[in-house]
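Colleague: One structure, as C-alpha cells, below. Some questions next.
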Amino acid sequence: MREDSFVLKGNICYAKTKDQLSVTDQGYLVCCQGVSKGVYPVLPEEYRNLPVTDYQDMLIVPGMTDLHIHAPQYPFRGLGMDLELLEWLDTHTFPEESRYKDLDYAEKAYEIFAEDLKQSATTRAVVFGTVHVPATELLMEKLEDTGLITYVGKVNMDQNSTDDLRETDAVTSLDVTAAWIEETKEKYQNTRPILTPRFAPTCSGPLMEGLGKLQREYGLPVQSHLSENLSEIEWVKELFPWSSCYGDVYEHYGLFGGQAKTVMAHCVHSSDTEMELMKKKGVYVAHCPQSNINLSSGIAPIRRYLEEGIPVGLGTDMAGGANLSMFRCMVDAVGVSKLYWRLADQGKKSLAMEEVFYLATKGGGSFFGKAGSFEEGYELDALVLDDNGIRGTRTLGTKERLERCIYLAEEGKRLAGKYAAGRKVI
C-alpha cells in the first residue's frame with residue numbers, strides 16, 4: 001500500500017469558490033497517489049481497501065499557501081515595527097541578511113525557520129532567501145526535509161543596497177544565478193527555484209534584462225515586490241522614468257506574468273494602469289495585511305482585485321508580518337478590508353470569512369497548480385484542526401467552528417495532523 005493513498009474521516013470543509021464552502025460532516029476524504037479523489041458522505045466501495053484515519057469530530061480543511069515570506073528575516077520577527085518600509089529595510093533587514101554569508105549562522109537560523117514553518121498551518125510557500133547561493137541552497141535543503149511544497153528564491157540585487165549585500169555587477173549576479181538554477185532545478189522533490197529580483201530599485205536594467213532571459217531559458221516563475229509604499233513608488237519613477245507604472249518596469253524585462261508565472265507582494269497603491277496590466281498578464285497579488293499595517297504601507301484594495309479577476313492569495317511577509325500564522329493572516333485581511341470600506345471606499349464591501357479562507361487555500365494554492373482544495377484532481381494538502389480545547393457553551397456547526405478556529409487558533413497548537421501532496425507531515 002502506498003503511503004500517499006489513504007482516507008481521512010472527519011468534518012470536512014473546503015472552498016469551491018471564493019463565496020461557497022463545501023461542508024461534509026463525518027465525511028470521507030479520499031487520497032490516491034497524493035491526489036484528491038473527492039469527498040463523500042459514504043465511502044465508495046472502490047476505496048474501501050485504503051487505510052482510513054478517523055479523526056472523529058475534528059475539522060479537516062485544505063492546507064494553506066503563504067505566497068510571500070522572507071526566511072532570513074525570521075530571527076528579528078517582532079522588531080522594528082514602529083518604522084516605515086525603507087527605514088526598516090536599512091535598520092533591520094539588510095544588516096540581518098548580510099549575516100547569511102556565514103553558513104554556520106545560516107544553518108542555525110534556517111533550522112529554526114524550517115521547523116517552525118513545518119509546525120504551522122502552511123503546506124506551501126513562496127520564499128525569499130538572500131543573495132548568498134550557499135545559504136539559499138541550505139534553505140532549500142532544510143525546507144525539503146520538512147515535506148512542505150515550496151518555491152525558494154536566490155535574491156538578485158546589484159544597486160541601492162548595503163556593501164555587504166550588493167552584488168558586484170549584473171554579469172556576476174546573473175552568472176551565479178544561472179549556476180544556482182542548474183544545481184537546484186531538479187535536485188529536490190518538493191522544493192523548486194524561483195527568480196527573485198528583490199524589487200526594482202535594487203536591480204539595474206542590465207540585471208533585469210538578464211533575469212528575463214533566464215526566465216525564458218528555464219521557464220521559472222518570478223517573485224518580487226510591487227507598489228508597497230508611496231516613497232518606494234516615487235523612487236521607482238526616478239530610477240525608471242520611462243515606465244508607465246511600477247509594474248511596467250518588470251513587464252519591460254519579461255518578468256511580469258504571461259509566460260512568466262509571477263507573484264507580486266503587496267500591491268497596496270497600484271494605479272489603474274498597473275491593475276490593468278496585472279489583469280492582462282495574470283499576475284498574482286500576495287496580500288500581506290499585517291505587514292502593511294506594521295510598516296505603515298496602507299491597505300490594499302483586495303475587493304477591487306477580486307472584482308477585476310486578478311488572482312489573489314495571502315502572505316505573512318515575515319518579518320514585516322510578525323508571525324507565521326495563516327490564521328492570523330486571514331483575520332488581518334478581514335480587519336483591514338473593513339477599514340478600507342469605512343475609510344477609503346464604501347462601495348467596496350469588506351471581505352467575508354469564506355473569502356479569506358478561499359484566499360488562504362485555493363486562491364494562493366493555484367500559484368502551484370491544482371492545490372488548496374479537496375475537489376477531485378487536486379494535490380491533497382490537508383490540516384486536521386482539533387478545536388476541543390476552545391471552551392464554550394454553544395453547539396456550533398462545522399462552518400461556525402471553522403470561523404472560530406480562524407480567529408482563536410494559536411499557531412501550531414490546534415494541529416492534530418498535516419499533509420502535503422498526500423504525504424503526512426505532522
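The values are calculated or read from the model by the stated rules, or taken from the named source; none is laboratory data. Keep in mind it's a predicted model, so treat the numbers as computed, not measured. Methodologically, a virtual Cβ is constructed for each residue, glycine included, from the backbone with ideal geometry; neighbour enumeration extends over all protein chains shown. Each accessible area value is taken on the protein alone, full model and side chains, heavy atoms only, with ligands, DNA and RNA left out. Shrake-Rupley method; radii C 1.70, N 1.55, O 1.52, S 1.80 Å.
Colleague: R0 = 22 Å: FRET efficiency of residue 133 with residue 216, Cβ-based, nearest 0.05?
Modeller: For R0 = 22 Å, the calculated efficiency reads 0.55.
Colleague: Near residue 207, within a Cβ-to-Cβ distance under 12 Å, what is the net charge of the other residues, with Lys and Arg +1 and Asp and Glu -1?
Modeller: -2
Colleague: Just to confirm, what accessible area per residue do you get for the chain at 1.4 Å probe, in whole Å²? Before the final figure, lay out each step's value.
Modeller: Working: 16540 Å² over 426 residues.
Solvent-accessible surface per residue comes out at 39 Å².
Colleague: Kindly flag which residue pairs out of 18/349; 16/280; 185/424 have an alpha-carbon separation exceeding 21 Å in this structure.
Modeller: Correct reply: 16/280; 185/424.
Colleague: What does the charge add up to near residue 154, with Lys and Arg as +1, Asp and Glu as -1, over the other residues with Cβ less than 14 Å from its Cβ? Please list the in-between numbers first.
Modeller: Numbers: positive: 101, 185, 187, 192, 198; negative: 97, 137, 141, 158, 167, 175, 182, 183.
Result for the neighbourhood of residue 154: -3.
Colleague: Could I ask something else about it? Which distance in nm do the two modelled labels at residue 141 and residue 46 give, with both placed 7 Å along the Cα-to-Cβ direction?
Modeller: With each label placed 7 Å out from Cα toward Cβ, I get 4.4 nm.
Colleague: Output the Cα-based Rg and Dmax of region 174-265 in Å, rounding Rg to one decimal and Dmax to a whole number.
Modeller: Over region 174-265's Cα set, Rg and Dmax evaluate to 13.5, 42 Å.
Colleague: Rounded, prolate or oblate: which one fits region 69-222, using the alpha carbon gyration tensor with axes a ≥ b ≥ c (rounded when a/c is under 1.5, else prolate when a/b beats b/c, else oblate)?
Modeller: Since a/c reaches 1.5 but b/c is at least a/b, the shape of region 69-222 is classed as oblate.
Colleague: Could you sort out which of 118/338; 118/213; 154/370; 187/418; 37/213 sit more than 28 Å apart by Cα distance in this structure?
Modeller: Check vs 28 Å cut-off fails for 118/338; 118/213; 37/213.
Colleague: Related question: At a 1.4 Å probe, what is the % contribution of carbon and sulfur to the accessible area of the chain?
Modeller: The C+S portion of the solvent-accessible surface of the chain is 46 percent.
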